[in-house]
Every structure is written in C-alpha cells, then in structure tokens.
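Okay, structure first, notes after.
The values are calculated or read from the model by the stated rules, or taken from the named source; none is laboratory data. For clarity, every value in this text was computed on a predicted model and none was experimentally measured. Please note: Cβ atoms are built from the backbone with ideal geometry, for glycine as well, and neighbour counts cover all protein chains shown.
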Amino acid sequence: MRIAIIGSGYVGLVSGACLADFGHNVVCIDRDDAKIRALQQGEIPIFEPLLADLVIKNQREDRLSFSTDLGPAVAEAEVVFIAVGTPARQRDGQADLSYVHAAVRDIAMSMSGYTVVVVKSTVPVGTGDGIERLIREVRPQADVSVASNPEFLREGAAIGDFKRPDRIVIGVEDDRARQVMSEVYRPLFLNTSPIVVMSRRSAEVTKYAANAFLATKIAFINEVADLCEQAGADVQEVAHGIGLDKRIGGKFLHAGPGFGGSCFPKDMQAMIKMAQDHGTPLRIVETAAAVNDQRKRVMARKIIRACGGSVRHRTIAVLGLTFKPNTDDMRDSPAIAIITGLQDAGARIRAYDPEGMDQARTVLDDVAYCGDAYTCVEDADALVIVTEWDMFRALDLDKIRGLMRRPVLVDLRNIYGAAEATKAGFAYVSVGRGR
Ligand code: UGA
C-alpha cells in the first residue's frame with residue numbers, strides 16, 4: 001500500500017517507520033526543510049528507543065522516504081495520515097486545528113483517485129466532519145473518505161505500543177474506508193491485536209476519554225497516597241491491593257509528583273473545553289486536572305519540609321528532569337514546577353538527566369547542569385529524585401551519602417525503600433508511604 005504521512009513529528013515518524021516496517025510504502029512529509037534533510041541522512045530529531053534503527057532499516061530497504069513536497073506523495077497515496085500538532089489554543093485551551101486545516105487544504109488540492117484521509121492527530125469531536133466538508137469545498141468531485149485513527153503511543157515505548165497495541169481504534173463512516181484501514185493494519189490483525197471499528201465521532205471521543213481516564217487514575221492514586229502518608233499506610237501496598245481487581249487494573253497506579261508530558265495536561269484541557277461547549281461539563285476531569293496542577297507545587301513544599309522548613313541558600317540536587325524516563329521531553333514536566341518552587345524559596349539547584357538537559361536549558365534558568373548523578377550530588381543539602389530513570393534505581397547510596405553535605409533523600413518516585421535509605425544514613429522521604 002502507498003501511504004503518505006503529513007507531519008513528521010513524534011507521532012508521524014513513529015507511525016511512518018512502523019507502517020513501512022509492516023511492508024507498506026511510506027513517504028513522511030514535513031514543511032521543515034532542515035528536519036527532512038536530517039531525516040534523509042538518517043538523523044532522528046527526537047529521542048525514542050528503537051526508532052532510529054527502524055527508520056534507517058526501512059529507508060535502506062526503500063520502503064520509507066522523507067520529503068517536503070506534499071503534492072506528489074499525496075497524489076500517489078491510497079491513504080494519507082494527518083499527524084500534525086494540535087497544540088492548546090492560548091485563548092481557551094481548546095485544540096488549535098490550524099495545522100490540521102492547512103494540511104487538509106494541501107491534501108485536497110493534490111489527491112487523485114480514491115483516497116482515505118486519516119486523522120491521527122488528537123482532535124475534538126466533529127473535526128472529521130469538518131475535514132470532509134473542507135475537502136469537498138476545495139475539490140467538489142473528490143473521491144474521498146475521512147477516517148479517525150487515534151494513537152495510544154507512550155513516549156519511550158512507542159515502537160512496542162505501535163507494533164503490539166492493546167487495540168486499534170478506527171472511526172469510519174463507510175465500508176470502503178473500513179476495508180482500506182483493515183488492509184493498513186492487517187499485519188497486526190494477524191497478530192491478534194483487536195481492531196475496534198466504530199463511528200468517526202466515537203473514535204474522536206475515545207482518544208480523549210482514554211487519556212482523561214488514565215490521568216484521572218493517576219490523580220486518584222496520588223490523593224490516596226497523601227491519605228496513606230498521613231494515616232500510616234503504604235500506597236504501594238494499597239495500589240497492589242486494589243489493582244488486582246480486574247475491574248480496576250494494576251497499571252497507572254504509581255503515586256508520584258503528578259503527571260506531565262505533552263498529552264495528558266493538554267488533552268484534558270481540550271476535553272474539558274469541548275465538554276463545556278457541548279453543555280456537559282466533565283467535573284471529574286476538571287477536578288483531576290486541577291488536583292494535578294496543584295500537586296506539582298505541593299511537591300516543592302514537601303521537599304522544603306524534608307530540609308527542615310527552609311531551603312534558603314541550600315543546594316538541592318535533582319536527579320531526573322523529563323516528565324518520565326526514556327524520553328528527552330520536558331513538556332509540562334513536574335520538574336519545572338518543583339525546581340521553580342525551590343528556587344523561589346531561595347535554593348540553588350544542581351541537576352542531572354540522561355536525555356533531558358538540552359530541553360531543560362530552554363525552560364529552566366539558573367540550574368547547574370552536571371555530567372552524572374554523582375557529580376550532581378556533590379555538596380548538596382538534599383537529593384531529590386524526580387524522574388525514575390533506570391540508572392537512578394541502583395545508585396551507590398553510601399557513595400552518594402559521602403559526597404553530600406547533608407543526607408536528605410526525597411524520592412518522589414518511590415524507587416528506594418525506607419530501610420535501605422535509612423541504613424545508608426539518609427533521612428528518607430517518599431510518596432504515600434507513611435510509617
Ligand atoms: C500518554 C498515554 O499513555 C498514551 O496512551 C497516549 O497515546 C499519549 O499520552 C498521547 O496522547 O499521545 P505519554 O504522555 O507518553 O502517553 O506518557 P505516559 O506513560 O502515559 O505518562 C504520562 C505521565 O503520567 C508521566 O508524567 C508519568 O510519570 C505519569 N504517570 C504514569 C504516573 O505518575 N503514574 C503512573 O502510574 C503512570
């Protein structure tokens with residue numbers, strides 16, 4: 001099958017590389033000339049495990065190419081994916097569809113023969129209808145179907161998520177499009193990944209509902225963690241105890257400093273706005289978003305308490321800056337609010353992150369970035385673990401203790417146990433584990 005993907009950002013690149021690896025012939029398009037030139041040389045602009053190898057392999061085998069020229073790629077394609085960004089609109093938090101609409105106009109001018117236009121970008125309900133109208137305005141005779149095919153990829157695990165998904169959601173309004181989309185995903189179908197076909201509007205809502213539910217689950221367990229901490233219970237035991245109930249499920253019950261990233265906060269905002277516009281406010285989602293925002297600031301206060309009530313002129317070492325491990329993404333990372341809160345209280349910050357420091361430099365001022373975890377903790381008055389990179393899970397605590405000025409360890413991801421930290425001489429504070 002010939003496939004064009006408009007937008008070679010995170011979603012477009014991962015989808016393009018994986019679809020090419022299934023055997024399809026894929027062209028990834030982007031307006032950014034420098035990005036496309038780099039991709040043509042096999043240079044990948046984002047950090048995502050396994051992605052670079054997959055891109056290079058499929059390029060070499062002639063199934064994957066990159067171009068700034070949308071016209072010919074769309075003209076030849078049977079399926080055109082739209083994977084451009086939908087950032088939050090400044091004025092109201094709703095998803096900004098200007099990139100989507102610009103792409104649709106370009107596609108409408110260039111397509112030839114029956115084409116399925118597939119929206120992968122996260123868009124408000126009804127966007128597919130609007131796209132169909134727009135195409136028919138530009139090309140009244142167009143032989144086109146518009147489908148919704150939201151992605152459920154986690155950064156850092158995106159290739160595995162694409163190739164072994166829990167499910168594939170396809171929203172279509174006609175049988176021809178359903179058949180074409182089944183053909184696109186046939187390799188997975190054979191792998192027994194369920195393909196769930198539904199209406200376009202249902203698919204659009206499914207994406208938001210999935211993210212909002214997962215985010216709410218995290219906000220919920222974080223509040224339970226606060227209760228556990230005060231009541232002398234352990235949130236990890238509680239999460240295990242409830243998670244074994246299949247109706248609840250054990251995943252996304254890790255308490256921590258609050259969720260971040262480019263998806264949950266933005267999609268919750270967009271869904272909240274969308275629901276308000278439909279006259280059906282989502283109070284639970286609204287509350288979960290507010291609880292999470294506040295939590296990030298509360299984490300700074302938690303650290304200050306662990307330092308005896310003041311961090312003025314103290315040095316705090318922060319390990320982990322990205323919103324989660326295995327990504328270089330700093331967008332909405334809890335580390336930003338935490339570090340800013342500590343700086344406002346007068347602390348000096350030293351920090352180390354294996355992949356996130358370049359991006360961190362663009363959003364955080366006055367941070368001393370270090371070359372590794374051990375350098376980072378030198379002469380620090382407290383060590384705070386914000387992101388649970390694997391390399392932080394087995395630190396030599398005795399060595400760390402020896403390098404620090406004061407032995408305070410604030411473990412916001414619960415990757416150490418109180419017993420081992422105390423044995424190494426630390427005053428240890430974690431999340432939701434009261435004694
Ligand atoms: C999320 C969803 O998991 C994907 O299914 C979805 O496709 C994607 O958004 C998207 O809309 O594009 P992602 O943002 O990459 O993926 O990251 P997650 O692994 O979901 O983590 C989000 C945040 O929640 C992180 O800050 C993480 O640390 C936090 N989290 C996650 C917790 O605090 N506790 C948990 O138990 C799980």
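Assorted remarks:
- Enumerated helices (runs of 4 or more DSSP H) restricted to region 308-407, each holding at least 1 residues that are touching a residue at least 40 places away in the same chain (Cβ under 8 Å): 334-344, 373-376
Here's the yes/no breakdown for (1) at pLDDT 95 or above; (2) among the basic types (Lys, Arg); (3) more than 28 Å from GLU137 (Cα to Cα); (4) under 23 Å from the mean Cα position of the chain (by Cα):
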residue	(1), (2), (3), (4)
ARG2	yes, yes, no, no
SER15	yes, no, yes, yes
HIS24	yes, no, yes, no
ASP30	yes, no, no, yes
LYS35	yes, yes, yes, yes
PHE47	no, no, yes, yes
VAL55	yes, no, yes, yes
VAL80	yes, no, no, no
THR86	no, no, no, yes
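- Every residue from region 199-241 that is of a type in the set (Gly, Ala, Ser) and within 11 Å of the ligand (Cβ to nearest atom): ALA210, ALA212, ALA215, ALA219, ALA225, ALA239
- Cβ pairs under 9 Å, 6+ apart, first in region 42-64 and in contact (Cβ under 8 Å) with a residue 40 or more places away in the chain, second of a type in the set (S, T, N, Q) and part of a loop (DSSP other than H, G, I, E, B): ILE46/THR327; PHE47/ASN326; PHE47/THR327; GLU48/ASN326; GLU48/THR327; PRO49/ASN326
- Of all residues in region 156-170, those satisfying the criterion of being crowded, with 19+ Cβ neighbours inside 10 Å and over 17 Å from ASN326 (Cβ atoms) are ILE168, VAL169, ILE170.
- In region 116-158, residue modelled with the highest pLDDT [restricted to those that are small (Gly, Ala, Ser) and within 16 Å of the ligand (Cβ to nearest atom)]: SER148
- LEU153 meets each of the listed conditions (1) in a helix (DSSP H, G or I); (2) crowded, with 16+ Cβ neighbours inside 10 Å apart from (1).
- The listed residue being more than 17 Å from THR122 (Cα to Cα), out of contact with any Gly (no Cβ under 8 Å at 6 or more places or on another chain) and outside any loop (DSSP other than H, G, I, E, B), out of ALA210, ALA289: ALA289
- Some residue of region 264-285 being more than 12 Å from the ligand (Cβ to nearest atom), crowded, with 16+ Cβ neighbours inside 10 Å, under 28 Å from GLU237 (Cα atoms) and not polar (S, T, N, Q): yes
- Region 122-165: number of residues that are touching a strand residue (DSSP E or B) at 6+ places or on another chain (Cβ under 9 Å) and basic (Lys, Arg): 1
- Residues in region 236-252 that are in a helix (DSSP H, G or I) and among the aliphatic types (A, V, I, L, M): VAL238, ALA239, ILE242.
- Residue list for region 312-330, restricted to those being more than 9 Å from the ligand (Cβ to nearest atom), farther than 18 Å from VAL298 by Cα and of a type in the set (D, E, K, R): ARG314, ASP328
- In region 290-311, residue farthest from the ligand (Cβ to nearest atom) [restricted to those that are in contact with a strand residue (DSSP E or B) (Cβ under 9 Å, 6 or more places away or on another chain) and basic (Lys, Arg)]: ARG305
- ALA255 vs. criteria in a loop (DSSP other than H, G, I, E, B) and either in the same structural domain as THR387 (by TED's automatic domain parsing) or modelled with pLDDT of 95 or more (or both): yes
- Count of residues meeting criterion [in contact with a helix residue (DSSP H, G or I) (Cβ under 7 Å, 6 or more places away or on another chain) and at pLDDT below 95] in region 281-328: 3
- Filter pass, GLY250 being within 10 Å of the ligand (Cβ to nearest atom), farther than 30 Å from GLY126 by Cα, loosely packed, with under 15 Cβ neighbours inside 10 Å and in the same structural domain as ARG413 (by TED's automatic domain parsing): yes
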